[in-house]
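Written below as structure tokens is the structure these notes are about.
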Ligand SMILES: [Zn+2]
């Protein structure tokens, strides 16, 4: 609880009591009230800042501490109560911003059913389900935003791949798979005893995402409570429904009224969320299968093909420009591509990583050389121009002192063998004079 006490607002109170053992013959041992913390509602002070009772009263077993929350003793669910109080407001704001909801709409979501579904899911699925619920799955739309890759859907290659597109992709293979999963979902709805008209309304809503027309105007045939649930879900969004954020009106329609004390309706709504999340997760898994392979063997083959494609591109690049990597890395290309292509995936991955490092190193070297060259060939100012005859190899005034010093450093660092020829060039052709004929050269 220490982490919570640092931030608790003063709506909490902690009452310290001390067991008065000065007279051990008296039974029961009276509790002597020592101190109450956190009752100052108007204070912005946290309990952590409040002064504690004297140390002798804190040492067990001669003291008791009672934590109260909003004037009610907090005995059970302490951690969840404290967490809710600390983080609920921030989570509400984040979700409302993501979904473009008002706070009122936020409270129309059946969060108890949402919590029911998450608590009954395997812990290994929590991360995936949380990403799904919060639209954090790594779609190609996110890849483009963060990594500059293509945002086209890997299944249809026609549209930008958002999470909504994953639920509604028009690729024939995806449609076939989705229809199979929808049949499974309808079957599960009947297994959890979903009333027919509620199941019908849910089917209409999910199919409306795909712009699939259903038989007739089914909304005309719905009872008022189911119709209200359907309309509330339209406002909240059917894509939100597929991410487990269902309207609380579904549970009201199932229970037949706003009295939700019956645990059966919560259980039904929670199971509905579980099956809807499973349906959405299957669509996402199929999309990932199209991209990376549906089986382990298929994934291995695709990975190998991708590695070979990148290595072939590296060989082509090196054939066109042998200076794309530093000279001391050229042993990478000692083996012909046909031999390297026979290696296992680990070898191919290592080779590709080495090539990437070599290429980055060469790019850094070339960038550094370009900066040095731009300083070296920087034109002199026109005011510094002087007749060629007045220039001598020892005359430093014709040359910018900074450029000269930079040049000398560059030449000495690189160990260039053409020092003499460059000096001669400087002597014969200062930067501020154009040599157009042999007569312009000094005698
Ligand atoms: Zn698609």
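The values are calculated or read from the model by the stated rules, or taken from the named source; none is laboratory data. All values reported here derive from a predicted model rather than from experimental measurement. Note that each Cβ is placed from the backbone with ideal geometry, even for glycine, and that neighbours are counted across all protein chains shown.
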So residue 329, is it in a helix (DSSP H, G or I) and assigned by TED's automatic domain parsing to the domain that holds residue 248: no
Test set (1) in contact (Cβ under 8 Å) with a residue 40 or more places away in the chain; (2) farther than 30 Å from residue 154 by Cα - residue 121 fails condition number: (2)
Residue 104 out of contact with any helix residue (DSSP H, G or I) (no Cβ under 7 Å at 6 or more places or on another chain) and within 16 Å of the ligand (Cβ to nearest atom): no
Helices (runs of 4 or more DSSP H) (entirely within segment 118-221) containing at least 1 residues that are within 16 Å of the ligand (Cβ to nearest atom) and surrounded by 16 or more Cβ atoms within 10 Å (Cβ to Cβ): 140-147, 163-168, 172-191
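For (1) touching a residue at least 40 places away in the same chain (Cβ under 8 Å); (2) surrounded by fewer than 16 Cβ atoms within 10 Å (Cβ to Cβ); (3) over 26 Å from the mean Cα position of the chain (by Cα), each residue gets a yes or a no:
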position	(1), (2), (3)
251	yes, no, yes
317	no, yes, yes
328	no, yes, yes
340	no, no, yes
